[in-house]
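Heads up, the thing below is written out as structure tokens.
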Amino acid sequence: MDSENLSYRIRLRGKIRGPFSISQLRQMSSRGQFSKLHQVSEDGQNWKPATELSSIFSSKGGTTSKDSESVVTATNPVYDVEWYYVLDQQQLGPVTESQLIGQIRTGNVPGNALVWHKGLADWTEAREIFPESIPAGSKSGTAKSALIVLSIACLAVAIGYGIWSMQQGNDSSLASIIRPPGQIRSMDLTNNATQEQVGQAIGMVVCYAEILRKTGERHERPFGHGTCFMVTRDGYAITNRHVVKSHQEWVDASDEGRIIKLVETNTIPEDIDPQLLSQETRVIFNEIVKEKTPELISKITAHLNVYFDGKAYPAEVKYISKKYDMAVLKIENPPTQKTYFSLSSQHEPPQSTPVIALGYPGVSQMAVTDDEAALLSSKSNKSNFAEILFGNDDHMTSFKSSAFDFVQTPGEVSVVQKEAGDVYNVQHTAAIRQGNSGGPLVYRKGNSAGTVIGINTSFLIHEAPVFIAFPVAQMRDELEDAIGAGKLTWD
């Protein structure tokens, strides 16, 4: 038997989580969050199949300890997997697996209908889950009478399950489960499926200039990064205005104007510490920059990429707010076309509301070991004067690989304040850094878990750090004008 005092890290498809106790793993297994497909390790180095945890995956169907969290009692009923499915743009369920298979076999639920149950990464077509249940020449229509009966049964099961779920204090209660396909419905980031969904909806924004010299040599000069989050399935995302404002200025500038901006970017300011650089050296350097840049440059093109799991997707700025620190992006060919965040219509969340900040903080670019420092130094090393001015041939060398992993920091709402011009801000304790700008502040628990409260924007350092987000509810009119009222989901 496995010792209840041991803890294990778990791994699936290269993603490592934990450590978890045997009791926690047993509970995760019962929820479909831990399976025989995982590997486990006590030290994070030596791995073995999860099936070797005999107290969880018993091949003989043995009984479970009375102390186990998975013990079934008369007051804790066992439910079969509860399935949901979509017909005519309407979500139905829950139904048992046998009920769903029966409806698929009769053609009442077509093979291309989306189905889902808690624990699955996302909604999937029925024919991919139940290929053997699809009838030959299956019908796309529905039998009206059968659907009425099934809908009544679904409603009865839903009411019963909802009551039981709320009695158990389950955050994934009926209100939070029944949401449109692709909408993030949980912030339980210990769950592999939730972790994957959130990762598909949080993007790292990188702005850079592609510089082509007259010799044909090419450089990429990054000039800012932040975070954005998806709010529709077809590629609309929200970020801060200050994250993309400089990029848009590069886009709007003429060819000559972009060269002038590059000169300004490379010019050393007058207020530099004279102990670091003498005024004479500063003046000479600035004169060289001003003289040589136009002679060397053929063309400058501004780019904005959004990265998901380290892969770049081009994007453009669709809207920049004048009143709020908010901008809307449209991502070309978004990676998943599946997951997105709903938006809260509440201006003032109560104090002490549990929240979580998601994003790509700039601190993740910093080296934390000597080896990392050496690697970053070699990647960003400038071999000549042109690279000092214009950057290396790949802007990615400015970041270490872990910079493209999103970071989550939990906290609570401290206070909501109303500023001049009827602008609300939420002060909270979920730590953010510079790269978090444009990322979402999200409800962490309850029926609203997964819904965005506001856009993380800044942090202030006084006696203690203060982290600030601006509620999206106050931006509703502008967002709906920019994206489309029917495209956004408000809770």
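Computed from the coordinates by the stated procedures, all read-outs in this text should not be read as laboratory data. Here the structure is a predicted model, which is why all the values come from computation and not from measurement. Virtual Cβ from ideal backbone geometry, glycine too; neighbours counted across all protein chains shown.
Multiply the residue gap between residue 39 and residue 132 by 0.36 nm, knock off their C-alpha separation, and tell me the result in nm, one decimal place. Mind showing how you got there, number by number?
Working: separation 93, 0.36 × 93 = 33.48 nm, distance 2.96 nm.
Additional length available on full extension: 30.5 nm.
Which value in Å does the Kirkwood hydrodynamic radius of segment 200-483 take, with 1/r averaged over all unlike C-alpha pairs and then inverted?
20.3 Å
Determine, for 441, 87, the number of other Cβ atoms within 10 Å of each Cβ, and report the residues in order from fewest to most. Walk me through the numbers before you get to the answer.
Working: 441 31, 87 17.
Exposure proxy ranking, most exposed first: 87, 441.
For 301, 227, 293, what ranking results if the residue with the fewest other Cβ atoms within 10 Å of its Cβ goes first? Could the numbers behind the result be given before it?
Numbers: 301 14, 227 30, 293 19.
Ranked by crowding around the Cβ, least crowded first: 301, 293, 227.
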